[in-house]
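Asker: This structure is in structure tokens; I'll ask about it shortly.
The values are calculated or read from the model by the stated rules, or taken from the named source; none is laboratory data. Everything quoted here is computed from the prediction, not taken from an experiment. So basically every Cβ, Gly included, is an ideal-geometry build from the backbone, and we count neighbours across all protein chains shown. Ligands, DNA and RNA are stripped out before the accessible areas are found, and what is left, the full protein with its side chains, is counted by its heavy atoms. Shrake-Rupley method; radii C 1.70, N 1.55, O 1.52, S 1.80 Å.
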Amino acid sequence: MQYSSIFWWTILWVVSWGVIGGVVTRKVFLRKDLDTSNATLGGSVIGAAFGPIGLIPLWVRVPEITRVMITLSSLVVIGIVAAAFANADPDNNCVSNGSFVASQVTNGLIIGIIYGLMALGLTLIFSILGLVSFAHGAFYMVGGMLVYYIVNVWFPGTHPLIGVFGACVLTFMLGAIFERLFLTPMYDGRVERPVEYGILVTFGLSFTLTYLVAAVAGSNPVKVRRFFDFPRIRLPDASDPWLIKTSRGNMELFDTVSISNPRFVAAVLSILVLLGLLFFLHRTWTGKGLRAVSQDQDAAAITGINPNRMNMLAFSLGCMIAALSGAVLVQAFSWLPIVGQIPEMRSFVIVVLGGLGSLPGAFVGGILVGLVEAAGTGCVPNAQKASSYIPAYGMIILTIMLLLRPMGLFGRKFASGAHGKF
Amino acid sequence: MNRQQIPHVLGALIIAFFVAFPFIYSAGNYDYIMHICIVGFFYAILASSWSMLAGYAGQFSFGHMAFMGLGAYTTALFCHYLFLSPEPTGICTEFAIAGQYLVIKNPIGVTSTTLTQDCLAQAMESWDGSVQITRMPVWLGIILGTLVGGIFGLLIGLLVLRLRAAYLALFTLGFSEILRATISAEIQVTRGQAGIELPSLFENGITVAGHVFSKTDKIPPYFVMFFLLLGCLALLYWLSRSRFGLFVRALREDQDAAAALGVNTTRYKILVFVVTSMMAALAGAVQAHYVTIITPNNLMILQMSLVVAMAVIAGVENFIAAAIGAILIEFMLEMLRTSFSIGGVEIDMSLWRLVFFGVLLMLTLRFARNGLLAPVIDYFRRGHVAAETVEKRASDAVDDSKNSPSQTGSHS
């Protein structure tokens with residue numbers, strides 16, 4: 001870092017105008033009796049991007065803050081920060097090495113897809129039960145562990161995909177049983193504060209599952225072999241700057257981007273599951289029923305959808321999705337009983353970023369978080385520090401998002417009932 | 001004796017028991033049992049303050065351990081980096097204060113060799129024992145830690161004003177994770193996972209009533225922690241009986257209605273955060289000086305789960321139950337530690353006990369919503385209320401029918 005002081009001054013400038021913009025714009029909009037749902041977020045990104053030049057016209061004219069304005073200003077903010085960073089540290093890999101950047105972005109996208117899938121389960125549970133499941137990370141861990149047990153311990157020699165399928169079935173059942181036993185009092189007012197009850201009881205489940213697995217499986221990390229090998233390809237043939245080259249465990253594109261096999265397979269499986277899920281939610285009666293309940297429980301009940309059954313389905317489906325994302329990733333990472341904690345936090349970040357209860361939001365949020373983490377690990381000069389800070393990047397996003405726009409990027413503007421309460 | 005007085009008498013007996021305990025107990029595992037007691041008191045402070053925050057005010061915060069860690073790390077850094085010296089070292093950052101020099105040691109992080117020395121060690125080598133430096137007093141570090149906990153409680157309280165329920169839980173969890181990641185990552189200053197060492201609570205021993213206690217004696221920290229717990233409980237009791245207690249309970253039941261009835265919700269929400277986080281920070285600072293080392297693992301979600309589980313199993317809406325429950329559960333967890341084997345299968349109890357604990361937590365939540373201990377206390381304290389009400393209604397009905405039979409008739 002040669003000119004690091006310039007970088008920090010820029011950050012300070014951006015942040016302070018962002019804070020001023022966020023606080024004052026909300027006040028201005030409140031005084032003029034306008035819709036303030038976008039005011040804090042809009043004010044702060046406009047302030048951060050353009051400083052007083054952007055803010056004063058905003059306060060004078062008080063236009064409706066549109067999505068385009070927010071997106072443009074956010075891009076400007078990212079541009080300013082990136083330019084300051086490039087100026088401060090010109091030798092950094094992120095600035096000088098184009099292929100490194102391409103590789104980081106690709107890997108961020110790939111891992112982001114898997115994050116998005118996991119967060120989708122959480123947001124599905126929230127949109128229907130109005131419950132933030134603190135057992136999501138535990139189900140992620142259990143999913144991976146079950147694949148290991150099926151493939152390596154119980155039935156050695158089975159194909160891992162069968163293991164993944166088995167893990168899905170078992171966790172779906174586990175989720176359904178737990179929902180029937182412990183979550184039913186939430187629905188009919190038998191508990192005074194259902195949201196807190198739900199948080200605590202899933203917290204208890206997470207605790208139990210984590211230590212149950214630790215007691216059964218021990219504390220040594222386990223690993224499952226690669227699901228598939230890449231076929232050996234080299235295209236186009238024999239010409240030196242190849243477009244695509246694969247070995248069994250790795251794939252290289254355009255001589256620059258390197259993707260490891262387990263992650264690629266996991267991402268492809270995630271996309272397949274995602275397409276299946278979209279089909280289920282939009283084309284089948286049950287899926288439509290689920291979405292109907294998420295919009296309005298009472299109206300859905302009137303049209304003949306049993307909300308009780310939908311609650312059970314949504315919870316077990318959400319748990320199954322968490323387990324599935326663990327099951328496809330068990331080939332990429334070594335697996336421990338505590339492995340679920342960081343993905344769980346990340347899912348919280350993603351669903352808050354995308355909007356609690358918004359399905360497309362979860363997916364977009366997943367990709368954003370994947371990219372931010374890739375940038376964070378790749379660009380921070382001190383590599384050791386950067387890896388220690390990985391859990392914090394997401395949490396910083398979460399904190400900022402909760403302060404600026406608690407309903408998230410894609411959250412409903414006017415939500416009703418328990419779902420819209422925050 | 002009236003039934004209502006049983007909890008008071010029992011409470012006095014429990015206090016008397018804990019005061020007398022270190023002097024009457026004399027088995028071989030004395031130090032171990034005393035250690036469990038001290039840790040139990042520590043968890044009792046955390047669980048009871050968390051029950052004030054979550055049970056009374058309805059703010060389900062998962063960042064309570066972070067405040068504990070803030071207190072502990074503040075005093076750790078304070079005692080680790082600041083020293084008083086009568087002579088200037090010339091190499092460290094130092095300020096002259098009242099004839100002494102306040103020396104700030106330079107952070108050197110974790111070094112495996114003794115080749116790298118911090119500036120103070122170098123200076124002392126050059127002085128060759130001619131200059132005596134003094135540590136900063138431990139109590140000042142603890143006070144500072146408590147204050148830092150309070151300041152962060154204020155900030156967090158301000159930030160979460162608009163957040164409710166699930167969002168609050170996520171935000172506080174985020175705060176706690178950021179803090180843990182920062183402490184683990186800034187190895188230069190906090191020594192990361194290696195942990196930072198602290199002087200013990202009474203570094204030079206202490207003399208009470210003619211008896212000299214060395215710094216490894218368990219009795220002084222036992223009483224420090226015990227009286228801290230009593231102090232915290234007294235403060236919580238006073239708060240819960242005052243307007244503050246009523247207002248924060250109103251906040252829990254319905255924030256908007258409370259605001260409409262003239263409760264300054266902003267002020268009380270922030271206040272309850274400040275008070276409880278200061279208690280957590282205080283407990284953390286004292287505990288850190290007692291165990292003389294603090295690592296970021298103390299801020300892990302497991303620790304938070306323990307506090308939550310203790311409070312919930314005992315009864316989250318009663319901080320005295322939470323405190324007693326924390327001590328009982330800490331004892332239970334320690335007693336269940338011994339592993340055994342059935343039919344050649346080794347049962348690792350250090351993990352299975354936590355499984356049982358988790359199951360107990362879920363079952364308590366599901367089937368005994370007010371916890372296991374709080375209803376017992378309520379039975380004695382408020383059990384007569386139902387009978388009295390029935391009696392009063394019956395006598396009122398008799399009075400009504402005696403005094404105004406015509407009116408009753410006209411009403412029907």
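Asker: So between residue A:390 and residue A:30, what do we pick up on full extension, going 0.36 nm a residue minus the alpha carbon distance?
Answerer: 125.9 nm
Asker: Let me ask something else. Take residue A:309 and residue A:169, extend 7 Å from each Cα along the Cα→Cβ direction, and tell me the distance between the two endpoints in nm.
Answerer: Label at residue A:309, label at residue A:169, 2.2 nm between them.
Asker: Then there's this: So how much accessible area does residue A:173 have, in Å² to the nearest 10, using a 1.4 Å probe?
Answerer: Result for residue A:173: roughly 100 Å² accessible.
Asker: So for B:191, B:337, B:353, what's the accessible-area order with a 1.4 Å probe, most first?
Answerer: B:337, B:191, B:353
Asker: For region A:289-422, what does the accessible surface come to per residue with a 1.4 Å probe? Please give it in Å².
Answerer: 37
Asker: Given a 1.4 Å probe and every protein chain left where it sits, what share in percent of the accessible area of region B:14-151 is carbon and sulfur?
Answerer: Looking at region B:14-151 in its full context, I get 65 percent from C and S.
Asker: Report the label-to-label distance for residue B:20 and residue B:213 in nanometres (one decimal), using points 7 Å from each Cα along the Cα→Cβ vector.
Answerer: 2.0
Asker: While we're here: Can you work out the PRE-style zone for residue A:180? Point 7 Å along Cα to Cβ, and I want the residues of region A:305-334 with backbone N under 13 Å.
Answerer: A:309, A:312-313, A:316
Asker: For region A:383-402, state which residues have at least 20 Å² less accessible area in the presence of all protein chains than in their chain by itself, taking the probe as 1.4 Å and leaving out ligands, DNA and RNA.
Answerer: Those residues are A:384, A:385, A:388, A:389, A:391, A:392, A:395, A:398, A:399, A:402.
Asker: What FRET efficiency comes out for the pair residue B:342/residue B:139, r = Cβ-Cβ distance, R0 = 56 Å, nearest 0.05?
Answerer: That pair, residue B:342 with residue B:139, gives E of 0.65.
Asker: Would you kindly state how much longer the chain becomes between residue B:384 and residue B:131 on full extension, computed as 0.36 nm times their sequence separation minus their alpha carbon distance, in nm to one decimal?
Answerer: 84.1 nm is the gain from fully extending residue B:384 to residue B:131.
Asker: Further question on the same structure: Compute the distance from the alpha-carbon center of region B:226-273 to that of region A:363-394, in whole Å.
Answerer: What the calculation gives is 40 Å, centre to centre.
Asker: Once you have the Cα-Cα distance between residue B:256 and residue B:400, take 0.36 nm times their residue separation minus that, and quote the gain in nm to one decimal.
Answerer: The span from residue B:256 to residue B:400 would gain 47.9 nm if fully extended.
Asker: Sort B:378, A:91 from largest to smallest accessible area, using a 1.4 Å probe on the heavy atoms of the protein chains.
Answerer: Descending order: A:91, B:378.
Asker: Here's something else I'd like to know. Tally Lys/Arg at +1 and Asp/Glu at -1 over every other residue whose Cβ is under 13 Å from the Cβ of residue A:292; what's the total?
Answerer: +1
Asker: Determine, from the Cβ-Cβ distance of residue B:230 and residue B:332 and an R0 of 22 Å, the FRET efficiency 1/(1 + (r/R0)^6), rounded to the nearest 0.05.
Answerer: After rounding to 0.05, the efficiency reads 0.50.
Asker: A follow-up question, please. For region A:1-32 and region B:28-43, compute the distance between their C-alpha centroids and round to whole Å.
Answerer: 50
Asker: Next question. Taking the Cα atoms of the protein assembly as shown, report the difference between the largest and smallest coordinate on each principal axis, in whole Å and largest first.
Answerer: 101, 95, 78
Asker: Also, quick follow-up: Over the Cα atoms of region A:273-422, what Rg and Dmax result, in angstrom?
Answerer: 17.6, 59
Asker: Now a separate question. Could you give the C-alpha radius of gyration of chain A expressed as a fraction of 2.2 N^0.38 Å, taking N as the number of residues it contains?
Answerer: Dividing the Cα Rg of chain A by 2.2 N^0.38 Å gives 1.06.
Asker: Determine how many Å³ per residue the convex hull of the Cα atoms of region A:103-212 encloses.
Answerer: 127
Asker: Rounding to the nearest 10 and keeping the result within 0 to 90°, find how far the Cα-based axis of helix B:301-314 lies from the longest principal axis of chain B.
Answerer: 30
Asker: Taking the Cβ of residue B:190 as the centre, find all other residues whose Cβ is under 13 Å away and add up their charges (Lys, Arg: +1; Asp, Glu: -1).
Answerer: Here the count lands on +1.
Asker: What value in Å³ per residue do you get for the convex hull of the alpha-carbon atoms in region A:365-412?
Answerer: Normalising the Cα hull of region A:365-412 by residue number yields 67 Å³.
Asker: Please report the projected area of chain B's Cα convex hull averaged over all directions, in nm².
Answerer: The Cα convex hull of chain B, projected and averaged over all directions, gives 31.2 nm².
Asker: Related question: Can you give the mean number of other chain Cβ atoms that lie within 10 Å of the Cβ atoms in peptide B:304-315?
Answerer: Counting Cβ atoms of other protein chains within 10 Å of each residue's Cβ and averaging gives 2.
Asker: Could I have the simple spin-label model distance between residue A:13 and residue A:64, label points 7 Å from Cα toward Cβ, reported in nm to one decimal?
Answerer: For residue A:13 paired with residue A:64, the spin-label model returns 3.4 nm.
Asker: So how do A:32, A:385, A:27 rank on accessible area, 1.4 Å probe, biggest first, that is with the largest at the start?
Answerer: Correct descending sequence by accessible area is A:27, A:32, A:385.
Asker: Can you give the convex hull volume of the alpha carbon atoms of region A:4-90 per residue, in Å³?
Answerer: Enclosed volume per residue, from the Cα hull, is 68 Å³.
Asker: Follow-up question, since we're still on this one. What relative contact order, as a whole-number percentage, does region A:4-90 give when Cα pairs under 8 Å and 6 or more residues apart are counted?
Answerer: Contact order relative to length: 35 percent.
Asker: Right, next: What quantity of accessible surface, computed with a 1.4 Å probe and excluding non-protein components, is buried in total between chains B and A, in Å² to the nearest 100?
Answerer: For chain B against chain A, roughly 4700 Å² becomes buried.
Asker: Further, regarding this structure: State in Å² the accessible area per residue of region A:4-90; use a 1.4 Å probe, count heavy atoms of protein chains only, and round to the nearest integer.
Answerer: Per residue, region A:4-90 has an accessible area of 56 Å².
Asker: Find, to one decimal place in angstroms, the Kirkwood hydrodynamic radius of region B:140-268, where the mean of 1/r is taken over every pair of different Cα atoms and then inverted.
Answerer: 18.7
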